[in-house]
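Derivation of every value follows stated rules applied to the coordinates shown; laboratory data play no part. Quantities reported herein were computed from a predicted structural model and do not represent experimental measurements. Cβ coordinates were reconstructed from backbone atoms using ideal geometry, including for glycine residues, and neighbour counts include every protein chain displayed.
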Amino acid sequence: MNSYQACSLEGASGVELTVALYDGIIRFMRQAIAAVECGDVQQRRYAVKRAMDIVIHLEATLRTDIGGKPAEALSEFYIAVFALMLQGSQANSKQKFENVIAYVRNVRDAWRLVAKDPEAMRATLTASPTSPGQPFPISPMNAPAGSSRGSNWTA
């Protein structure tokens, strides 16, 4: 499976890689929910750790120096999602994990829109790179819109 995932992401744009990472967070949160339902503490911890690793990676690769306020908003989002995951793990809370999934899915869907129309996103960035209400400034994978970049990240 990992080999398949690596091949499917080879040559993907930064936005496409970001969507894949968000999908990984959602997948691991679903595993954490299943572990809570089964009472499997070790599996819950493993799934939450993997999801947290993805969030840490997204936060670490975010370019606030280029993205301005929208990138700062994404940074705050990652911090909040990380905290909610930690709270969910500590409380063994299926509801908190479901909330993480809902929040991440919402932002992932916005990234999917960007992936479908990168030219519209580039035009938005050129017009006003830090205007309020702009969803996302750049790919947190540090790749310019429309460029391809490989990754060794496996979610």
- Reachable lysines from K94, Cα under 26 Å, same-chain residues fewer than 8 places away excluded? K49
- Task: Arrange the peptides 38-44, 65-71 so that the one whose residues have, on average, the most other Cβ atoms within 10 Å appears first.
- Result: 65-71, 38-44
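Which order do the peptides 88-94, 47-53 come out in when sorted by mean C-beta neighbours inside 10 angstrom, highest first?
47-53, 88-94
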